[in-house]
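Quick notes on the structure that follows.
The values are calculated or read from the model by the stated rules, or taken from the named source; none is laboratory data. Quantities reported herein were computed from a predicted structural model and do not represent experimental measurements. All Cβ positions, glycine included, derive from the backbone under ideal geometry; neighbour counts span all protein chains shown. These accessible areas exclude ligands, DNA and RNA; they are computed on the full protein's heavy atoms, side chains included. Shrake-Rupley method; radii C 1.70, N 1.55, O 1.52, S 1.80 Å.
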Amino acid sequence: MAAALPLVLLVLLLLGPVGRGHAEPPRDSLREELVITPLPSGDVAATFQFRTRWDSELQREEVSHYRLFPKALGQLISTYSLRELHLSFTQGFWRTRYWGPPFLQAPSGAELWVWFQDTVTDVDKSWKELSNVLSGIFCASLNFIDSTNTVTPTASFKPLGLANGTDHNFLRYAVLPREVVCTENLTPWKKLLPCSSKAGLSVLLKADRLFHTSYHSQAVHIRPVCRNARCTSVSWELRQTLSVVFDAFVTGQGKKDWSLFRMFSRTLTEPCPLASESRVYVDITGYNQVPMSPVTTVPLHPRPACASALFSALPLCPQDNETLEVTPPPTTTYQDVILGARKTYAVYDLLDTAVINNSRNLNLQLKWKSPPESEAPPVPFLHAQRYVSGYGLQNGKLNTLLYNTHPHRAFPVLLLDTVPWHLRLYVHTLTITSKGKDNKPSYVHYQPAQDRLQPHLLEMLIQLPANSATKVSIQFERALLKWTEYTPDPNHGFYVSPSVISALVPSTVAAKPVDWEESPLFKSLYPVSDSSSYFVRLYTEPLLVNLPTPDFSMPYNVICLTCTVVAVCYGSFYNLLTRTFHIEEPSTGGLAKRLANLIRRARGVPPL
């Protein structure tokens, strides 16, 4: 009895504050969402976002307990004094011309850009160590990031979170366009989620379905945000985003109908128990939909006369020849201005017990009762492409086309080009033409390359006239590398990082200032700067350039010939030096031989 008394007192001490209601509320929260967008080309885009927010100052507090925020990333922030970290792994290319502007676009391969605190003394050393640590965390080839593919932009990449200063000496940016994304990168990314892939929206992250798509991009964004309205304290925000584009004509046997099970081979069963918000948004906006007031939440009961046609068999108001049916019908809809266009979303709240049916299964389905008319997809106001021109293996030209399709508005864009050192740029050949006239940039920053040390960096602020195509071209010369600097497959070519275009694109609809905590999460990473434009960052295609490549079969032939000659000569000399020669005395022969010689003589034949 006496031995059990200390144990009882310990239990009472642990349960006492909880019973009196003095338990400290959790300082971290998790919000997850899935946005499903039917694209104009007939494909279907699915964008996942998991936001973990932690009310803690990791660089000032000695944190020893991690609840929702991943410990591996929290230690990176405190160890390397990070201000922001943005990492993405992408397989494929987002076709802005046919799919429209994305929520968060990323270049093909691996992209990493980091803002360090101003207390870091050696930024290059911290950058190298950080890339090696991230390479181990995400099982990627980030350890190949070095000074030959790292640049320091001066205007293109601004801090997305809180920033007291914009000294770009603490910014590093690198792209590995040849990085191949596979399951080995997806698995550690899912392990950073509080529920991993066991519950919530993450159960849909099935590797064999995600990588069997036209486009796949997963990213990690870490930044400090304000904890309150006055921004007297700081919180850390981790956003894990994943975007995929499903080919509806392949997965749906030539139909535009889709469902969660058809796309992911799984359905939603339950929300993540650690999430404070778990929602699914389905874009149900028609291309010619009538204008509606932005930022409103409309219940479906009672149903409007024609706005709820997507949830029933009634035809759409803008297009009377089309009918859609969404199963199960949502309880609410959300309307807002997203990326310069008014959007309407059907909202499914997984925390609502009425959404998950009795079988604990939610399979969203969209069916077209009558096939939609084939019409040209809407062209975004800004899109770009890049290509290499020229012939031979000595000189060439890099060309970038920037399209502004707005009928009457011009706007500036920031163009960032990172070119490897083995392509020697001729800056005096830089030409920018718009509508057949020279277009002089208002800002130019050029950092020349150093052989085997750093790449070229070219940043320009270019004004794009309305309804125009601007061509940026610059000539280069191919360098001859050392034979040890070629890749194992040199005839495949060498990759050049894509161009980065950052701009404030004019919006067709004026957006109202909204509360970012109440708006959908997919809109709050790049908030609208004003009511007439929105920020967008686009990437062109990565380039594949051939360099003068020696015939690597000749060393093989020389080695074979040399080894043959050495073997023959060495073998002959070795036999002559080591072999013992003996003189064999000729034998006179026996009785048989003598008899044979006698017979041969009698016949007149020479003897044996």
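Within a Cβ distance under 13 Å of THR431, other residues only, what is the Lys/Arg minus Asp/Glu net charge? Cβ neighbours under 13 Å give a net charge of +3. Net charge near PHE138, counting Lys/Arg +1 and Asp/Glu -1 over other residues with Cβ under 14 Å of its Cβ? Value of the local net charge: -1. Using a probe of 1.4 Å on the protein chains alone, the accessible area found for ILE338 is around 10 Å².
The H on the amide N of GLU179, modeled in the peptide plane, is under 5 Å from the matching H of ALA110, each at least 5 residues off or on a different chain.
The label point for ASP352 and the one for SER196, both projected 7 Å from the Cα toward the Cβ, are 3.2 nm apart. Taking amide H positions as modeled 1.01 Å from N, with prolines and chain starts lacking one, the residues under 5 Å from TRP421 and 5 or more places away or on another chain are HIS456. Computed from backbone phi, the HN-Hα couplings of segment 102-115 come to x, 5, 9, 8, 9, x, 5, x, 10, 10, 9, 9, 9, 9 Hz, rounded to whole numbers (Karplus: 6.51 cos²θ - 1.76 cosθ + 1.60, θ = phi - 60°; Gly and Pro given as x).
The phi-based Karplus calculation (6.51 cos²θ - 1.76 cosθ + 1.60; θ = phi - 60°) puts the 3J(HN,Hα) values of segment 184-192 at 5, 8, 6, 4, x, 5, 5, 5, 6 Hz, whole numbers, x for Gly and Pro. Give LYS158/LYS256; LYS128/LYS471; LYS125/LYS191; LYS158/LYS206 a once-over and call out the pairs whose C-alpha atoms are over 30 Å from each other. Over 30 Å apart, Cα to Cα: LYS158/LYS256; LYS128/LYS471; LYS158/LYS206. Protection proxy ranking for 487-499, 559-571, 75-87, using the average of other Cβ atoms within 10 Å per residue and placing the highest first: 75-87, 487-499, 559-571.
Kirkwood hydrodynamic radius computed over segment 384-435 comes to 13.5 Å, based on all pairs of distinct alpha carbons. Using Cα centres only, tell me the gap between segment 126-161 and segment 327-366 in whole Å. Rounded to whole Å, the Cα centres lie 38 Å apart. Per-residue 3J(HN,Hα) values for segment 378-391, derived from phi via the Karplus relation 6.51 cos²θ - 1.76 cosθ + 1.60 with θ = phi - 60°, read x, 7, x, 5, 9, 8, 8, 8, 9, 7, 10, 10, x, 9 Hz in sequence order (x marks Gly and Pro).
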